[in-house]
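Each remark here refers to the structure printed beneath this line.
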Amino acid sequence: MATPPPRFTGTVLDAPDPRLLARFYADLLGWRIVADEPEWVKLAAPEGGPALAFQAEPRYVPPAWPAAEGAPGMMMHLDFEVADLDTGAAHAESCGAVLADFQPQDDVRVLLDPAGHPFCLWVRT
């Protein structure tokens, strides 16, 4: 009998305040908090699928965007498809995101979440 492959269940982001970051993404995405522990908070999408979780890391340092010599680099980022970049970015900013100074593409908006993780909004072209 063959061993089944691992099943991807979610992404975990380090944060100095996991509850703050979880509330931001819950507001941004319309997801619900399904686990709330002192150092771990997990969100689930209403339609199911992989989760998004946040774990406390007191020594967390936000990555540099764009990459800069001697600064911690971004190792991964989250992508979210939106129908309209301006509307999507305005919503993200109303939830607490900050528009990044550097925008590499016309069909993508790079924003920073409250902990400084870059994430992208994009439209299908």
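May I ask you to say which residue of Ala83, Ala35, Ala26, Ala67 is among the hydrophobic types (A, V, I, L, M, F, W, C) and in the same structural domain as Cys120 (by TED's automatic domain parsing)?
Ala83
Restricting the first residue to the range 1-16 and requiring it to be more than 15 Å from Trp40 (Cα to Cα), which pairs with a second residue that is surrounded by fewer than 14 Cβ atoms within 10 Å (Cβ to Cβ) meet a Cβ separation below 6 Å and a spacing of at least six or different chains?
Short answer, once both residue conditions are applied: Phe8/Pro50; Thr9/Pro50.
Any idea which residue in the range 45-64 is farthest from the chain's Cα centre (by Cα), counting only those that are surrounded by 13 or more Cβ atoms within 10 Å (Cβ to Cβ) and more than 20 Å from Asp17 (Cβ to Cβ)?
Ala64
If Asp36 meets every condition in (1) under 16 Å from the mean Cα position of the chain (by Cα); (2) part of a strand (DSSP E or B) apart from one, which number is that one?
(1)
In this structure, does Ala68 turn out to be assigned to a loop (DSSP other than H, G, I, E, B) and among the small types (Gly, Ala, Ser)?
Yes.
Among residues belonging to the range 97-107 that are free of Cβ contacts under 8 Å to residues at least 60 places away in the same chain and touching a helix residue (DSSP H, G or I) at 6+ places or on another chain (Cβ under 8 Å), point out the one that is surrounded by the most Cβ atoms within 10 Å (Cβ to Cβ).
Within the range 97-107, the match that is surrounded by the most Cβ atoms within 10 Å (Cβ to Cβ) is Leu99.
Within the range 79-95, work out how many residues are assigned to a loop (DSSP other than H, G, I, E, B) and crowded, with 16+ Cβ neighbours inside 10 Å.
Residues in the range 79-95 being assigned to a loop (DSSP other than H, G, I, E, B) and crowded, with 16+ Cβ neighbours inside 10 Å: 1 in total.
Mind checking which residues of the range 1-33 are more than 15 Å from the chain's Cα centre (by Cα) and either β-branched (Val, Ile, Thr) or closer than 14 Å to Ala115 by Cβ (or both)?
Of everything in the range 1-33, those that are more than 15 Å from the chain's Cα centre (by Cα) and either β-branched (Val, Ile, Thr) or closer than 14 Å to Ala115 by Cβ (or both) turn out to be Thr3, Thr9.
The values are calculated or read from the model by the stated rules, or taken from the named source; none is laboratory data. Being a predicted model, the structure only gives us computed values, none of them experimental. Cβ coordinates were reconstructed from backbone atoms using ideal geometry, including for glycine residues, and neighbour counts include every protein chain displayed.
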